[in-house]
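Visitor: My questions all concern the structure below.
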Amino acid sequence: MTELQKVGVIGAGQMGNGIAHVCALAGCSVLIHDVAPERIEAGLATITGNMHRQVQAGKISDAERSAAIDLISAAPNLDGLSDVDLVIESATENETIKRKIFSQLCPILSPDAVLATNTSSISITRLAAASDRPERFIGMHFMNPVPIMELVELVRGIATEDDTFEQTKSFVARLGKKIAVSEDFPGFMVNRILLPMINEAIYTLYEGVGGVESIDTSMRLGANHPMGPLQLADFIGLDTCLSIMQVLHDGLADSKYRPCPLLVKYVEAGWLGRKTRRGFYDYRGETPVPTR
């Protein structure tokens, strides 16, 4: 079984730069690609800053940080990924965009390269069918923030071969992550459980049962959650939350997965959470303030 050593990461946002971060610390050579060159620069800067904080916290040595940084480079064009062993796609949670990426990427890759998607909810079988290698295609769902969270959900499509599964299992273990194997159903395991809880918290706000702070305080202190559900939604991104709920609702055809109209309204307003500085909280001041 060939070791996956050279990694391409598509998408330099929060998830993509986190994936590149842990791959480099594990000794992999990493190439980051994004359609926007400025996002690659921002992603590399984020990795540098996050690794510096890890050094300060005593989690890695300065030598480990320096070696990992040297292993990461930019790939302004997809052509730069032609000789990688593994590509991890971490673009926005939109099936049309992901399928377009695979159609452009596959002719460039080596026939033996493994293609993984970091999708948090979309069918692996359906995405694999948009590639030229469904047997070498797998879901590799990292949790956010990637350098801190231990779990990776591995999801096989209907055509994923055993060799691909075993290679990616070994790769994830090398990153120091724990694996949970999920069947290819909408939302997989984590988001099928987590997102309906967040959606219900938004319904609780929408129906006037409690305010933003009361709901978050209730779940932090009453259920011992480290973060309230509305605060967590802002951290994930309300557009991502809505996309996952839509996948669950469409794929499982159950009214309990209907996205809350208030979530839809916030996304339509462009209030997507921390990344736009407004969501269920307003982040434009020194401290977050509830918007409802």
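The values are calculated or read from the model by the stated rules, or taken from the named source; none is laboratory data. Predicted model only: the values in this text are computed from it and were never measured. Backbone-built Cβ (ideal geometry, glycine too); neighbour counts: all protein chains shown.
Visitor: Provide a single number: the residues in segment 145-161 that are within 30 Å of M227 (Cβ to Cβ), surrounded by 16 or more Cβ atoms within 10 Å (Cβ to Cβ) and not hydrophobic (A, V, I, L, M, F, W, C).
Guide: The initial filter retains those residues of segment 145-161 that are within 30 Å of M227 (Cβ to Cβ), namely 145-155.
Still in the list and also surrounded by 16 or more Cβ atoms within 10 Å (Cβ to Cβ): 146-147, 152-155.
Checking which are not hydrophobic (A, V, I, L, M, F, W, C) leaves us with 147, 153.
Final tally of qualifying residues: 2.
Visitor: Hey, any hits in segment 87-95 for a residue that's over 22 Å from P147 (Cα atoms) and under 17 Å from the mean Cα position of the chain (by Cα)? Don't jump to the end; show me each part of the working.
Guide: Within segment 87-95, the subset over 22 Å from P147 (Cα atoms) is 94-95.
Among the residues that remain, those that are also under 17 Å from the mean Cα position of the chain (by Cα) are: 94-95.
Yes, some residue in segment 87-95 is over 22 Å from P147 (Cα atoms) and under 17 Å from the mean Cα position of the chain (by Cα).
A quick yes/no check of all residues on (1) surrounded by 18 or more Cβ atoms within 10 Å (Cβ to Cβ); (2) assigned to a helix (DSSP H, G or I):
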position	(1), (2)
A128	yes, yes
D132	no, no
A173	no, yes
G176	no, no
V181	no, no
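Visitor: Looking only at residues in segment 134-144 that are buried (at least 21 other Cβ atoms within 10 Å of the Cβ) and either of a type in the set (V, I, T) or within 13 Å of the chain's Cα centre (by Cα) (or both), which one is nearest to G176 (Cα to Cα)?
Guide: Here the residue is F142.
Visitor: While we're on this one: Before we move on, is T92 among the polar types (S, T, N, Q) and modelled with pLDDT under 95? Even if it seems obvious, please write down each step before you answer.
Guide: Values: among the polar types (S, T, N, Q): yes; modelled with pLDDT under 95: yes.
Answer is yes for this residue.
Visitor: OK, next. Can you spot a residue in segment 230-242 that is more than 19 Å from N94 (Cα to Cα), out of contact with any Asp or Glu (no Cβ under 6 Å at 6 or more places or on another chain) and either not assigned by TED's automatic domain parsing to the domain that holds V152 or not β-branched (V, I, T) (or both)? Walk me through it before giving the result.
Guide: Initially, segment 230-242 is screened for residues more than 19 Å from N94 (Cα to Cα), giving 230-232.
Imposing the further condition that a residue be out of contact with any Asp or Glu (no Cβ under 6 Å at 6 or more places or on another chain) reduces the set to 232.
Filter again for either not assigned by TED's automatic domain parsing to the domain that holds V152 or not β-branched (V, I, T) (or both), leaving 232.
Yes, the conditions are met somewhere in segment 230-242.
Visitor: To continue, here is another question. Considering only residues that are outside any helix (DSSP H, G or I) and crowded, with 22+ Cβ neighbours inside 10 Å, which ones fall in segment 228-279? Before the answer, list the steps.
Guide: Going residue by residue through segment 228-279, those that are outside any helix (DSSP H, G or I) are 228, 237, 253-254, 258-260, 270-273, 277-279.
Within segment 228-279, G228, G237, G273, G279 meet the criteria.
Visitor: Moving to a separate point now. State yes or no: is L4 assigned to a helix (DSSP H, G or I), within 25 Å of G139 (Cα to Cα) and not polar (S, T, N, Q)? Show your work before the answer.
Guide: Details: assigned to a helix (DSSP H, G or I): no; within 25 Å of G139 (Cα to Cα): yes; not polar (S, T, N, Q): yes.
Criteria not met by L4.
Visitor: A further question follows. Applying the selection to segment 24-41, what residues are free of Cβ contacts under 8 Å to residues at least 40 places away in the same chain and either crowded, with 21+ Cβ neighbours inside 10 Å or within 17 Å of A68 (Cα to Cα) (or both)? Quick ask: steps written out before the conclusion?
Guide: The initial filter retains those residues of segment 24-41 that are free of Cβ contacts under 8 Å to residues at least 40 places away in the same chain, namely 34-41.
Result: D34, I40, E41.
Visitor: Only residues in segment 91-102 that are closer than 18 Å to D250 by Cα count as the first member; pair them with residues that are assigned to a helix (DSSP H, G or I) and β-branched (V, I, T), Cβ under 9 angstrom, at least 6 apart or cross-chain, and list the lot.
Guide: E93/T240; E93/I244; E93/V247; E95/V247
Visitor: Any chance segment 66-77 includes a residue that's part of a helix (DSSP H, G or I) and farther than 11 Å from V30 by Cα? Quick ask: steps written out before the conclusion?
Guide: Going through segment 66-77, the residues part of a helix (DSSP H, G or I) turn out to be 66-70.
After this cut, where a residue has to be farther than 11 Å from V30 by Cα as well, the list is 66-67.
So far as segment 66-77 goes, yes, one or more of its residues are part of a helix (DSSP H, G or I) and farther than 11 Å from V30 by Cα.
Visitor: Among the listed residues F188, F171, which satisfies the condition of being at pLDDT 95 or above and in contact with a Gly (Cβ under 8 Å, 6 or more places away or on another chain)?
Guide: Numbers: F171 fails: in contact with a Gly (Cβ under 8 Å, 6 or more places away or on another chain).
Unique residue meeting the criteria: F188.
Visitor: Go over the candidates A36, A75, A63, A67 one by one and state the one that is touching a strand residue (DSSP E or B) at 6+ places or on another chain (Cβ under 6 Å), farther than 14 Å from I19 by Cα and small (G, A, S).
Guide: Working: A36 fails: touching a strand residue (DSSP E or B) at 6+ places or on another chain (Cβ under 6 Å); A63 fails: touching a strand residue (DSSP E or B) at 6+ places or on another chain (Cβ under 6 Å); A67 fails: touching a strand residue (DSSP E or B) at 6+ places or on another chain (Cβ under 6 Å).
Checking each option against the conditions leaves just A75.
Visitor: Can you confirm whether R192 is of a type in the set (D, E, K, R), under 30 Å from R156 (Cβ atoms) and either in contact (Cβ under 8 Å) with a residue 40 or more places away in the chain or assigned to a helix (DSSP H, G or I) (or both)? Even if it seems obvious, please write down each step before you answer.
Guide: On the way: of a type in the set (D, E, K, R): yes; under 30 Å from R156 (Cβ atoms): yes; either in contact (Cβ under 8 Å) with a residue 40 or more places away in the chain or assigned to a helix (DSSP H, G or I) (or both): yes.
Yes, satisfied.
Let's see how each residue does on (1) of a type in the set (S, T, N, Q); (2) assigned by TED's automatic domain parsing to the domain that holds L262; (3) at positive phi; (4) surrounded by fewer than 22 Cβ atoms within 10 Å (Cβ to Cβ):
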{"residue": "P196", "(1), (2), (3), (4)": "no, yes, no, yes"}
{"residue": "N199", "(1), (2), (3), (4)": "yes, yes, no, no"}
{"residue": "I202", "(1), (2), (3), (4)": "no, yes, no, no"}
{"residue": "E207", "(1), (2), (3), (4)": "no, yes, no, yes"}
{"residue": "S214", "(1), (2), (3), (4)": "yes, yes, no, yes"}
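Visitor: Further question on the same structure: What tally of residues in segment 109-126 results from selecting those that are within 11 Å of the chain's Cα centre (by Cα) and outside any loop (DSSP other than H, G, I, E, B)?
Guide: Summing the residues that are within 11 Å of the chain's Cα centre (by Cα) and outside any loop (DSSP other than H, G, I, E, B) in segment 109-126 gives 1.
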